[in-house]
Amino acid sequence: MRQYPHLYIDGRWTEPIEPREVELIDPTREEAFARVTLGSAADADRAVAAARRAFDSFSTTSVDDRIALIDRVIDVYESYIDDFADLIAREVGIPVSNRAQVTGPAQHMKVARDILREYPFESRVDGAIVRREPIGVCALISPWNWPIQTGVIKLIYALAAGCTVVAKPSINSAASGALLAQVLHEADVPPGVFNLVNGAGRDVGDVLSHHPDVDMISFTGSTAAGKQVGVAAAGTVKRVCLELGGKSANIVLPDADLEQAARWNVQRCFFNAGQSCHAPSRMLVQESQVEQVVPFLVDEARRYRLGDPLESSTTMGPVVSTAQYKSIREHIQSGLDEGANLVTGGLERPDGLERGHFVQPTVFTGVTPDMRIAREEIFGPVLAVLPYRDEDDALRIANDSPYGLGGFVFGGDRERARRVVNGLRAGRVSYNGAATDSYTPMGGYKQSGIGRSMGRFGLEEYLEVKSVYGFEDEAQALPTLFG
């Protein structure tokens, strides 16, 4: 069994003050594969103190120094890509065939580096200088569903800004969090600049949220947990960046390519076994066309090969845990109980899989906006198809949600589609399955979050703004902020 007995604080691996072990359960085999030692409130205090000590010097490093640091991190990370793929397959059931989970982080690091190279930390407004300065010590709390990429996006922009970091990964993905700390250690990140403390949210996460020496907290997770983080952070008026839940809608307009829209929706919704906050888990189809899309949805859903995520032929692994498995099944049962029409999938175990947290790719039609499967984030491979009458009705249904993380539109008439895209209350919207761009901001409206990650907007989350007066001559040499 793998052992992860240490935390990473002040540039070295260290034992917790009050060690407590937990076992990580392989969701495919339903048996322990690793033991991880958790930290406590006292360990979080130690990590924050180390980050605070390191901030004074790291915040004054040059852009060239920070670019060189990021390049070293990229080089070391890329040497561990296969190790990360193997580890997250065992931790959270992500198939090794899902290379985006392990190659994506390196791409985000390169984007952050390139933005840093060109970013104007000083600019001019009239005769004044506007400076962007690192905000300070940043607590980064990341989830298990994108266990490496989410943490990397947070920390790499924090480092690019000149901030110091205390990271807390999800307990479910604590092993890959430890491997990421090893990457940073081998890349010679200065002591105290990056610290890792595993632990429960009620212990470590709560301390970081309240801590007076933490200047910013970046949290990705459920909306319920994000609200608690926001309340805790308010006591010290620290900056909060939250990426929370989603229940994204895909509006399929009548002139869309229905087969393309249906197949893409299944692929995007069931990617990562549906455990993605941007998943288009509501598909809105004009009421006269619902029966036309069903065969495509069913065929695409049945193409998934469920099985051991360590096998290259597997395209869908198990969901992360017993609790997640039970929650998804409860939602499927609610769809049946409330009268939705099950067209594929359901409660039965997939054929040939007698153990493991496997859920069949499941599609419901006949879903109404008041049903649980249309309103709640299921976080599993479950798609709800809702009929709409006209464009206004589609937008009303899509926007009738406490969430606003992602949105999608399929259609032929670009002017009409653009009108619908603009009407969606969501932070990221794609037309006809267009790929997202890691230079662009990611974040949500409403209860899907506060702030943005990625790209220039993501860098600026870690920066304070200072106006400086009296240096008119020096200001003239700077680029204008609004020009």
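Could you tell me how many of the residues in region 349-368 are on the phi < 0 side of the Ramachandran plot, out of contact with any Asp or Glu (no Cβ under 6 Å at 6 or more places or on another chain) and assigned to a loop (DSSP other than H, G, I, E, B)?
Qualifying residue count, region 349-368: 12.
Let me spell it out: the conditions are (1) under 26 Å from the mean Cα position of the chain (by Cα); (2) touching a residue at least 40 places away in the same chain (Cβ under 8 Å), and A54 meets all of them except one. Which number is the exception?
(1)
Do any helices (runs of 4 or more DSSP H) entirely within region 1-103 hold 1 or more residues that are touching a Leu at 6+ places or on another chain (Cβ under 7 Å) and surrounded by fewer than 17 Cβ atoms within 10 Å (Cβ to Cβ), and if so, which? Let's see the steps before the verdict.
Details: elements: 41-58, 63-79, 81-92.
Ranges flagged: 63-79, 81-92.
Only one residue in Q324, Q360 is buried (at least 20 other Cβ atoms within 10 Å of the Cβ), modelled with pLDDT of 95 or more and within 16 Å of E30 (Cα to Cα), so which one is that?
Answer to the selection: Q324.
Which one of these is on the phi > 0 side of the Ramachandran plot, among the polar types (S, T, N, Q) and at pLDDT 95 or above: N432, N399?
After applying the criteria, what remains is N432.
Looking at region 256-301, which of the residues that are among the aliphatic types (A, V, I, L, M) and part of a loop (DSSP other than H, G, I, E, B) is nearest to the chain's Cα centre (by Cα)?
This residue is A279.
Quick check on my filter: what residues within region 105-126 are crowded, with 17+ Cβ neighbours inside 10 Å and under 19 Å from the mean Cα position of the chain (by Cα)?
P105, A106, H108, M109, V111, A112
What pairs come out if I take residues in region 373-390 that are farther than 15 Å from V359 by Cβ and pair them with residues that are assigned to a strand (DSSP E or B) and small (G, A, S) whose C-beta lies under 9 Å away, six or more apart or interchain?
A374/A384; L386/A249
What's the total number of residues in region 322-343 that are in a loop (DSSP other than H, G, I, E, B) and under 19 Å from C269 (Cα atoms)?
1
With surrounded by fewer than 20 Cβ atoms within 10 Å (Cβ to Cβ) and either of a type in the set (A, V, I, L, M, F, W, C) or in contact with a strand residue (DSSP E or B) (Cβ under 7 Å, 6 or more places away or on another chain) (or both) as the only criterion, which of T440, T436 stands out?
Every option except T436 fails the conditions.
Got a sec? Which of R302, R268 is within 23 Å of P143 (Cβ to Cβ) and touching a residue at least 40 places away in the same chain (Cβ under 8 Å)?
Checking each option against the conditions leaves just R268.
If I ask for residues that are in contact with a Phe, Trp or Tyr (Cβ under 9 Å, 6 or more places away or on another chain) and of a type in the set (S, T, N, Q), which ones from region 315-343 would you list?
T315, S321, Q324, S327, N341 - these are the residues of region 315-343 that are in contact with a Phe, Trp or Tyr (Cβ under 9 Å, 6 or more places away or on another chain) and of a type in the set (S, T, N, Q).
Q292: touching a Leu at 6+ places or on another chain (Cβ under 9 Å) and loosely packed, with under 15 Cβ neighbours inside 10 Å, yes or no?
Yes: the conditions hold for Q292.
Whether any residue in region 348-357 is free of Cβ contacts under 8 Å to residues at least 24 places away in the same chain, surrounded by fewer than 18 Cβ atoms within 10 Å (Cβ to Cβ) and in contact with a helix residue (DSSP H, G or I) (Cβ under 6 Å, 6 or more places away or on another chain) is what I want to check.
no
Hey, can you tell me all the residues within region 426-447 that are polar (S, T, N, Q) and closer than 22 Å to P105 by Cα?
The initial filter retains those residues of region 426-447 that are polar (S, T, N, Q), namely 430, 432, 436, 438, 440, 447.
Passing the criteria: S430, T436, S438, T440.
Of all the residues that make up region 222-256, how many are surrounded by 15 or more Cβ atoms within 10 Å (Cβ to Cβ), free of Cβ contacts under 8 Å to residues at least 40 places away in the same chain and among the aliphatic types (A, V, I, L, M)?
3
Of the residues G346, G335, only one is out of contact with any Pro (no Cβ under 6 Å at 6 or more places or on another chain) and either at positive phi or among the polar types (S, T, N, Q) (or both); which?
Going through G346, G335 in turn, just one is out of contact with any Pro (no Cβ under 6 Å at 6 or more places or on another chain) and either at positive phi or among the polar types (S, T, N, Q) (or both): G346.
Determine, yes or no, whether G411 is modelled with pLDDT of 95 or more and not assigned by TED's automatic domain parsing to the domain that holds T103.
So G411 fits the description; yes.
The values are calculated or read from the model by the stated rules, or taken from the named source; none is laboratory data. Please read all numbers here as calculations on a predicted model, not as lab measurements. Please note: Cβ atoms are built from the backbone with ideal geometry, for glycine as well, and neighbour counts cover all protein chains shown.
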